[in-house]
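Asker: Dropping a structure here in structure tokens format, bear with me for questions.
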Amino acid sequence: MTPAIEISEVHKRFGNLHALRGVDLTVAQGEFFALLGPNGAGKTTLINILAGLSRATQGSSRVMGHDVVDDYRNARRALGVVPQELVYDAFFSVREMLRFQSGYFGLCKNDAWIDELLHNLGLTDKADTPTRLLSGGMKRRVLIAQALVHKPPVIVLDEPTAGVDVALRQNLWGFIRRLNRDGHTIVLTTHYLEEAETLCSRIAMLKQGQVIALDTTHNLLSAHAAIQVRLKLDPNRLPDALRPLLVAEEAGCFRLVLEDYSRLEKVLATLREANVSVDELEVSKPDLEEVFLQIMGKEVAR
Amino acid sequence: MIGLWTLLYKELLRFWKVGMQTILSPLVTTLLYLLIFSHVMAAHVQVYPGVGYTAFLIPGLVMMAMLQNAFANSSSSLIQSKMSGNIVFLLLPPLAYWQFFTAYVAAAIVRGLVVGLGVGLAGLWFTPVALAHPLWMVAFALAGCAMLGTLGIITALWADSYDQMATVQNFIILPLTFLSGVFYSIHSLPAFWQALSRYNPFFYLIDGFRYGFFGVSDVSPDLGLLIVGTCFLALSLATLALLKSGYKLRN
Ligand SMILES: Nc1ncnc2c1ncn2[C@@H]1O[C@H](COP(=O)(O)OP(=O)(O)OP(=O)(O)O)[C@@H](O)[C@H]1O
Ligand SMILES: [Mg+2]
């Protein structure tokens with residue numbers, strides 16, 4: 001099956017700045033994919049190249065098999081992009097904007113789908129409001145609706161939940177999930193890593209224009225599955241043998257990091273030998289945020 | 001084709017929604033020119049035999065209003081979209097660059113014609129004006145609006161700020177329209193300025209347009225239309241090339 005997105009050896013330079021340094025990425029149809037990375041990593045730049053908003057200095061990209069430069073019309077038909085910047089057209093109402101956007105994609109009788117979009121994004125009662133009068137979160141929802149007017153098989157959302165309230169965030173993800181179940185490929189960027197962890201089946205991490213991690217969410221989490229143990233000890237003294245495991249000391253507690261659960265037994269044995277008893281013990285699995293920081297941190301050290 | 005129509009419709013709706021600014025205000029400004037100049041000059045000047053100065057002035061002012069408004073329409077719409085970032089709504093869909101071009105130019109033509117028609121009708125209230133060759137008149141009106149609409153696109157593509165935009169409008173477009181024979185026939189100018197005027201394409205627009213009314217002109221209308229048509233063609237090709245290359249739009 002044609003991949004939904006194929007990015008090969010893409011470089012982008014802005015003058016001296018080498019914003020993308022040879023990115024290779026393939027997203028299969030039907031995936032729910034996250035593109036993560038710190039500010040300035042190049043996520044938006046990559047999305048812009050995919051959407052034809054910007055041209056790669058080198059390399060090529062395809063959406064549903066269509067080259068984004070040579071076959072731009074088919075590539076763009078297959079793609080819906082929610083831009084990161086909150087843009088709107090002050091002259092027009094929400095419904096007008098959605099009708100225009102449908103028209104640009106060659107659709108003229110699209111009102112049924114527009115109504116459904118408005119409903120799903122909680123915009124029904126704002127349909128005739130000029131977009132400039134909407135709140136920031138509502139403008140973001142209009143952008144999402146605009147990206148979906150032509151029911152694109154591939155949907156790219158650049159920080160769709162920034163500035164969107166909690167209740168709508170849940171609604172929004174419910175809606176996007178349904179689109180994914182209906183076969184749409186979803187790619188998103190977000191700085192809320194718990195969102196990426198619960199929603200996405202695969203994750204790419206980008207740093208300074210390079211992909212430094214690319215795997216399923218499950219593998220990323222288990223490969224970095226160091227578990228953390230918080231201990232309250234009596235007496236409040238950590239045996240020297242356990243010092244290398246210590247990552248933090250806080251409020252009379254020691255925080256140790258262990259490679260896996262089997263190490264826990266050893267820790268307890270060492271404590272028993274040293275005649276230290278355990279008052280409190282709390283074990284936590286790492287979440288994506290920690291994995292993210294570990295991966296980003298490791299690269300810094302290198 | 002639906003894409004092209006939608007963009008044209010959007011562009012028309014855009015200036016229609018702010019009609020006070022885009023239609024009424026240029027109409028009033030132009031009529032003020034007519035009022036003042038015809039009052040001051042009418043007794044002193046007769047440019048063409050048998051044509052009163054006010055009657056001579058009206059086609060010039062109509063063309064000037066059309067040129068300025070056609071330019072203003074495509075340039076202000078495009079620069080606003082660029083500055084506010086909502087140009088992405090046009091860059092993300094599969095609109096071809098020639099569709100983009102056609103819609104902007106067509107909207108500029110419509111705005112130019114609407115304002116021009118307004119000025120012309122209001123002018124009739126001052127003095128009756130002949131209409132010797134309506135087809136020539138229409139041809140030059142269309143060519144003028146199309147040419148300035150195209151210039152508006154180029155300028156807005158190039159400009160990085162409203163300031164740069166205004167600079168082109170005030171220091172290039174405005175002087176060229178004023179100095180193209182709206183208020184006088186170039187035969188009344190000293191030889192040097194007369195020769196220079198012949199390098200101003202706007203001169204041929206106004207001269208040819210006037211021919212449509214009075215059947216008299218400084219340059220033969222065939223030559224005028226040829227020159228104007230060539231200019232428009234060259235500008236269009238340049239604009240299409242810029243749009244195709246993504247100049248300043250798809251950085
Ligand atoms: N048009 C441009 N001209 C010059 N530099 C640019 C341009 N666009 C982006 N950059 C630079 O390219 C780098 C990558 O930017 P990009 O917007 O892709 O980051 P990002 O990963 O989307 O970050 P964020 O999480 O903040 O959105 C940054 O250093 C940015 O300053
Ligand atoms: Mg970004």
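The values are calculated or read from the model by the stated rules, or taken from the named source; none is laboratory data. None of the values given here were measured: they were computed from a predicted structure. Backbone-built Cβ (ideal geometry, glycine too); neighbour counts: all protein chains shown.
Asker: Quick one: in the stretch A:10-43, which of the residues that are among the small types (Gly, Ala, Ser), within 13 Å of ligand 2 (Cβ to nearest atom) and within 25 Å of A:SER201 (Cβ to Cβ) is farthest from the other protein chains (Cβ to nearest Cβ)?
Answerer: Quick first cut of the stretch A:10-43, residues among the small types (Gly, Ala, Ser) only: A:15, A:19, A:22, A:28, A:30, A:34, A:37, A:40-42.
From what's left, within 13 Å of ligand 2 (Cβ to nearest atom): A:19, A:37, A:40-42.
Right, trim to within 25 Å of A:SER201 (Cβ to Cβ) and you get A:37, A:41-42.
Values: A:GLY37: 21, A:ALA41: 19, A:GLY42: 15 Å.
Among residues in the stretch A:10-43 that are among the small types (Gly, Ala, Ser), within 13 Å of ligand 2 (Cβ to nearest atom) and within 25 Å of A:SER201 (Cβ to Cβ), the one farthest from the other protein chains (Cβ to nearest Cβ) is A:GLY37.
Asker: Ok, one more. Which numbered condition in (1) outside the structural domain of A:GLU31 (by TED's automatic domain parsing); (2) on the phi > 0 side of the Ramachandran plot; (3) at pLDDT 90 or above is the only one that A:GLY209 fails?
Answerer: (1)
Asker: Select from the stretch A:44-84 the residues that are within 16 Å of ligand 1 (Cβ to nearest atom), assigned to a strand (DSSP E or B) and in contact with a helix residue (DSSP H, G or I) (Cβ under 9 Å, 6 or more places away or on another chain) and write down the one among them that is nearest to the other protein chains (Cβ to nearest Cβ). It would help to see each step written out before you state the result.
Answerer: First, the residues of the stretch A:44-84 that are within 16 Å of ligand 1 (Cβ to nearest atom): A:44-59, A:61, A:81-84.
From what is left, the residues that are assigned to a strand (DSSP E or B) are A:58-59, A:61, A:81-82.
Still in the list and also in contact with a helix residue (DSSP H, G or I) (Cβ under 9 Å, 6 or more places away or on another chain): A:59, A:61, A:81-82.
Numbers: A:GLY59: 16, A:SER61: 14, A:VAL81: 6, A:VAL82: 10 Å.
Checking each candidate, the answer is A:VAL81.
Asker: So which helices (runs of 4 or more DSSP H) stay within the stretch B:1-119 end to end and still have 2 or more residues that are of a type in the set (Gly, Ala, Ser) and away from chain A (no Cβ under 14 Å)?
Answerer: Filter on the stretch B:1-119 gives B:25-41, B:53-84.
Asker: If you don't mind, there's one more thing I want to ask. Scan the stretch A:89-104 and tell me whether some residue there is at pLDDT 95 or above, within 14 Å of chain B (Cβ to nearest Cβ), crowded, with 16+ Cβ neighbours inside 10 Å and in a loop (DSSP other than H, G, I, E, B).
Answerer: We begin by selecting, within the stretch A:89-104, every residue at pLDDT 95 or above; these are A:89, A:92-104.
Those left that are additionally within 14 Å of chain B (Cβ to nearest Cβ): A:89, A:92-104.
Narrowing the set further to residues that are crowded, with 16+ Cβ neighbours inside 10 Å leaves A:89, A:92-104.
From what is left, the residues that are in a loop (DSSP other than H, G, I, E, B) are A:89, A:92.
Within the stretch A:89-104, one or more residues are at pLDDT 95 or above, within 14 Å of chain B (Cβ to nearest Cβ), crowded, with 16+ Cβ neighbours inside 10 Å and in a loop (DSSP other than H, G, I, E, B).
Asker: Does B:GLN194 satisfy the condition of being modelled with pLDDT under 95 and out of contact with any strand residue (DSSP E or B) (no Cβ under 9 Å at 6 or more places or on another chain)? Step through it out loud before you land on a result.
Answerer: Working: modelled with pLDDT under 95: yes; out of contact with any strand residue (DSSP E or B) (no Cβ under 9 Å at 6 or more places or on another chain): yes.
Yes.
Asker: Now for a separate question. Would you pick out the residues in the stretch A:176-220 that are more than 19 Å from A:THR161 (Cβ to Cβ), within 12 Å of ligand 1 (Cβ to nearest atom) and not in a strand (DSSP E or B)?
Answerer: Hits for the stretch A:176-220 are A:GLN208, A:GLY209.
Asker: What residue, among those in the stretch A:47-90 that are of a type in the set (D, E, K, R) and either in contact with a Leu (Cβ under 6 Å, 6 or more places away or on another chain) or in contact (Cβ under 8 Å) with a residue 40 or more places away in the chain (or both), is farthest from B:SER84 (Cα to Cα)? Talk me through it step by step, then tell me what you get.
Answerer: Residues of the stretch A:47-90 of a type in the set (D, E, K, R): A:55, A:62, A:67, A:70-71, A:73, A:76-77, A:85, A:89.
Within this subset, residues satisfying the condition of being either in contact with a Leu (Cβ under 6 Å, 6 or more places away or on another chain) or in contact (Cβ under 8 Å) with a residue 40 or more places away in the chain (or both) are A:62, A:77, A:89.
Numbers: A:ARG62: 29, A:ARG77: 24, A:ASP89: 8 Å.
Restricting to residues being of a type in the set (D, E, K, R) and either in contact with a Leu (Cβ under 6 Å, 6 or more places away or on another chain) or in contact (Cβ under 8 Å) with a residue 40 or more places away in the chain (or both), the top hit is A:ARG62.
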